[in-house]
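The values are calculated or read from the model by the stated rules, or taken from the named source; none is laboratory data. Predicted model only: the values in this text are computed from it and were never measured. When we count neighbours, we look across all protein chains shown, and the Cβ atoms used for this are built from the backbone with ideal geometry, even at glycine. What goes into the accessible areas is simple: the full protein's heavy atoms, side chains included, and nothing from ligands, DNA or RNA. Shrake-Rupley method; radii C 1.70, N 1.55, O 1.52, S 1.80 Å.
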Amino acid sequence: MSPRPFDAVVDALRARASFIVTSHARPDGDAIGSSLALAFALEHLGKRVRVVLRDPVPAPYRAFPGIDRIEHLSAVDGPADAAVLLECSDPSRPEVAGLDRYFLVNVDHHLGNTMYGAVNWFDESAAACGELVADIIDALGVPWTREIASHLYLALATDTGSFRFGPISARTFDICRRIAETGVEPARLSRDIFDSFSIGRVKLTGALLDAMELHHGNRFAILEFDDDLLARCGASIDDTEGLVNLPLAAREVSAVALFKRQDANTYRLSLRSKGDVDVRAVAARWGGGGHRNAAGCTTQGPLADLKAAVVQAIEDALR
Ligand code: 5GP
Ligand code: MN
């Protein structure tokens, strides 16, 4: 009988000595927290670990331990016994070339994971990939240091939007209880995560909401920005993480789309929703994915046509 997926992943990590730990491009708190928590744990066992993420760490998360050790690369080579992909529904999500040369360990909580690894542990009931990493660290017998606890908190607090959405469970709060027991201060970590933005970010918040479009009787909100708006606000792309959630603060808003113009005709689309409204299905129409309440894709303009198509697609999701 083959081992359970979880045991297969833990055995694969235990049996190997050197790792590349990576996660998706444009990393969020779960990608960063999961990667560094696992890296610290593997190093505790005397293993060699490189952490590779294609893109920079959002500014508020840069105070967390070990951020400086992240290698920002779009291709990897060199010896390693395995590459661990966290938070990646398919092997292209890191946008890092060369990963396919390694023994791949796939640990993820995104519906639609393609099970691309040599070993795979996929659990969509986790509120953050960090919950899965916490279980792996326990199975490896590594005690939770403050560094590990801080990164698990970063993963959980961000992927649940401060414990407001996703499959939050007793497991989520049990992990939080153990994080607090290490002596880190959750309130202080939350301040670092949620209240450490630039003035440019706060101004950008105002500009985005001022220009918000509403559809379907205020149930669907559209936000958009480009480099010009960022410059006018004194903000950078680093300042945009999480802004898509803002309109959901209104009771009647059930879905939001945020369009980020990448170049003349290419847009990144971030989608968020409340409750049963499935935006993953909307993102999937343009080749993207994610979760029911948080999804994304990259697609082509013109913007007016794209918006009209998304408004139409959201109408189905709201039904
Ligand atoms: P975000 O809007 O923060 O970029 O992404 C929200 C969620 O959708 C995340 O869980 C992310 O993994 C997923 N996601 C975003 N863009 C893509 C994409 O292009 N493809 C897939 N498969 N998932 C995406
Ligand atoms: Mn996640």
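Would it be correct to say that R251 is away from ligand 1 (no atom under 12 Å from the Cβ) and of a type in the set (K, R)?
Values: away from ligand 1 (no atom under 12 Å from the Cβ): yes; of a type in the set (K, R): yes.
So R251 passes the test.
May I ask you to list the residues in segment 81-104 that are within 16 Å of ligand 2 (Cβ to nearest atom), within 19 Å of L13 (Cβ to Cβ) and not in a strand (DSSP E or B)?
Across segment 81-104, the qualifying residues are E87, C88, P94.
The requirement of being within 16 Å of ligand 1 (Cβ to nearest atom), in a loop (DSSP other than H, G, I, E, B) and either open to solvent by 60 Å² or more (accessible area, probe 1.4 Å) or in contact with a Pro (Cβ under 9 Å, 6 or more places away or on another chain) (or both) is fulfilled somewhere in segment 57-80, by at least one residue. Note on segment 24-53: residues that are farther than 18 Å from D135 by Cα, in contact with a strand residue (DSSP E or B) (Cβ under 8 Å, 6 or more places away or on another chain) and of a type outside the set (D, E, K, R) total 4. The residues of segment 268-319 that are of a type in the set (S, T, N, Q) and either surrounded by fewer than 18 Cβ atoms within 10 Å (Cβ to Cβ) or touching a residue at least 60 places away in the same chain (Cβ under 8 Å) (or both), listed by number, are N293, T298, Q300, Q312. Checking the stated criteria, G33 turns out not to satisfy the condition of being closer than 29 Å to P186 by Cα, away from ligand 2 (no atom under 16 Å from the Cβ) and either in contact with a Gly (Cβ under 8 Å, 6 or more places away or on another chain) or at pLDDT 95 or above (or both). Going by the conditions given, is A231 open to solvent by 70 Å² or more (accessible area, probe 1.4 Å) and either under 21 Å from G33 (Cβ atoms) or among the hydrophobic types (A, V, I, L, M, F, W, C) (or both)? For A231, the condition - open to solvent by 70 Å² or more (accessible area, probe 1.4 Å) and either under 21 Å from G33 (Cβ atoms) or among the hydrophobic types (A, V, I, L, M, F, W, C) (or both) - is met.
Taking the condition surrounded by 14 or more Cβ atoms within 10 Å (Cβ to Cβ) and more than 17 Å from S196 (Cα to Cα), does F40 pass? In short, yes. Starting from residues that are over 21 Å from G78 (Cα atoms) and at pLDDT 95 or above, keep the ones in segment 6-26 and report whichever is farthest from ligand 2 (Cβ to nearest atom). Residue satisfying both the conditions and the ranking: D11. Taken over segment 269-297, the criterion of being within 16 Å of ligand 2 (Cβ to nearest atom) and of a type in the set (A, V, I, L, M, F, W, C) is satisfied by L271, V279, A283, A294, A295.
Within 16 Å of ligand 1 (Cβ to nearest atom) and either outside the structural domain of A157 (by TED's automatic domain parsing) or open to solvent by 70 Å² or more (accessible area, probe 1.4 Å) (or both): which single residue out of R14, R101, R93 fits that description? Before the answer, list the steps.
Details: R14 fails: within 16 Å of ligand 1 (Cβ to nearest atom); R101 fails: within 16 Å of ligand 1 (Cβ to nearest atom).
Of the residues listed, the single one that is within 16 Å of ligand 1 (Cβ to nearest atom) and either outside the structural domain of A157 (by TED's automatic domain parsing) or open to solvent by 70 Å² or more (accessible area, probe 1.4 Å) (or both) is R93.
Candidates in segment 173-191 are the residues that are outside any helix (DSSP H, G or I) and open to solvent by less than 70 Å² (accessible area, probe 1.4 Å); of these, the one that is nearest to D135 (Cα to Cα) is T182. Only residues that are touching a Cys at 6+ places or on another chain (Cβ under 8 Å) and either outside the structural domain of E43 (by TED's automatic domain parsing) or open to solvent by less than 10 Å² (accessible area, probe 1.4 Å) (or both) were counted in segment 139-164, giving 2.
In segment 104-118, the qualifying residues are those that are open to solvent by 20 Å² or more (accessible area, probe 1.4 Å) and in contact with a helix residue (DSSP H, G or I) (Cβ under 8 Å, 6 or more places away or on another chain), and the one that is nearest to E71 (Cα to Cα) is A118.
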